Amino acid sequence: MRTTHLVAFLSLSAAILPFPARARQSVVPKATPSPAAEHHDRQPQDIFRIQPLSGAVYALYGRGGNIGIFAGPQAVLVVDSQFKDIAPGIVAEIRKVSDKPIKFLLNTHHHGDHVGGNEVFKQFAMIVAHDNVRKRMLASPADILRDYPARLEEARKAGNEQTARTLSDLIEWAKTVKVEEIAAPVMTFDSELRIHMGDETIQVWHLPPAHTDGDSVVYFEKAKVLHMGDDLFNKVVPFIDVQSGGSVRGYLVALDRVLARVPADAKVIPGHGEVTDVSGIRAFRQYIADVLDAAQKAKASGKSKEDFVKNVDLPAYKDFQGYKDRFKANAASAWDEAQ
Ligand SMILES: [Zn+2]
């Protein structure tokens, strides 16, 4: 299946393109400095960086959404799989910390930079995720065939050859792929799940719609490590996938739920950005609250959406990666949800 390569290509800017890249307003954004982009510039063999956290839990940075690894006494559990082309490299990194079989792969949501490696992992691991992750992955060929021909036309008109080629390849993929061949989760759940490995309990919590409507976070109880998936971007402006059921307001609800539940001394792996702690979650919540607040004030003052989006600026967050690329989109979504 070629789509993960294509999705990888499309997501050069921040590696947060959905699976599939459905119905996005703009064409491929320009490359920006980000951990993902930086890793792109390195040699293929050294894109990875592994960070021991506590107990048998590690964070693995590569290209795409950060990976969590639990090296249990009998087996390994992995959180997210980045891209197909680097999945063998991910397995090689895991082999540096454990020679046990890789039995479980949890997907935090359906985006291509988190599930692209599923095709490799499905050969030996049980893939587990929220119901909507499976639904959205299986619906992707139909979504592409519905949404992409128009985008292809646009790209051709604009003379954007590379994008046109990529879109047309994706359309070809969607025409020929058998839905049953898509490496979607084979075990799904609707609210919570616990996996028991040695003396560790791995809790998986589905959260209210935030990044998408299929988000889960993963909490390693004994190690006190939380993998947030894309419900947390650390010092990175988020992509809020409202077309996949995501919500700006929902982020606040989801983050509050996590903050009420996780111990103050937990270590936290974000979907994008560096490993942090609970203060990183609070800082990100503040960003979301500030964007929403700006939208609400502008709306109350009678400004138009167009005027608001054109002029809105939150200087406190200028240093966040992706501010230029995604802040305005966050602001527009906040406007739509402002009361
Ligand atoms: Zn995502």
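The values are calculated or read from the model by the stated rules, or taken from the named source; none is laboratory data. Remember, it's a predicted structure, so these values are computed and weren't measured experimentally. We place every Cβ from the backbone using ideal geometry, glycine too, and count neighbours over all the protein chains shown.
Key figures for this structure:
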{"read-out": "Candidate set from region 250-271 (those that are within 17 Å of ALA331 (Cβ to Cβ) and touching a Pro at 6+ places or on another chain (Cβ under 9 Å)); member that is farthest from the ligand (Cβ to nearest atom)", "value": "GLY250"}
{"read-out": "Helices (runs of 4 or more DSSP H) enclosed by region 41-130 - at least 1 residues per element that are surrounded by fewer than 24 Cβ atoms within 10 Å (Cβ to Cβ) and more than 16 Å from the ligand (Cβ to nearest atom)", "value": "87-95, 118-121"}
{"read-out": "Unique match (being among the polar types (S, T, N, Q), at pLDDT 95 or above and within 16 Å of the ligand (Cβ to nearest atom)) among THR188, THR212", "value": "THR212"}
{"read-out": "Count of residues meeting criterion [of a type in the set (A, V, I, L, M, F, W, C), in contact (Cβ under 8 Å) with a residue 40 or more places away in the chain and over 18 Å from PHE48 (Cβ atoms)] in region 116-136", "value": "6"}
{"read-out": "Residue check, VAL242 more than 30 Å from LYS135 (Cβ to Cβ), surrounded by 15 or more Cβ atoms within 10 Å (Cβ to Cβ), within 21 Å of the chain's Cα centre (by Cα) and not basic (Lys, Arg)", "value": "no"}
{"read-out": "Close pairs from region 206-223: first under 14 Å from SER191 (Cα atoms) and assigned to a loop (DSSP other than H, G, I, E, B), partner of a type in the set (A, V, I, L, M, F, W, C) and within 12 Å of the ligand (Cβ to nearest atom), Cβ under 7 Å, at least 6 apart", "value": "GLY214/VAL133"}
{"read-out": "Residue that is nearest to ALA125 (Cα to Cα) [pool: residues in region 153-188 that are of a type in the set (A, V, I, L, M, F, W, C) and over 25 Å from the mean Cα position of the chain (by Cα)]", "value": "ALA155"}
{"read-out": "Residues of region 216-233 satisfying the condition of being under 17 Å from ALA264 (Cβ atoms) and within 15 Å of the ligand (Cβ to nearest atom)", "value": "VAL217, MET228, LEU232"}
{"read-out": "Region 311-321: number of residues that are in contact (Cβ under 8 Å) with a residue 60 or more places away in the chain and either more than 14 Å from PHE284 (Cα to Cα) or more than 24 Å from the chain's Cα centre (by Cα) (or both)", "value": "0"}
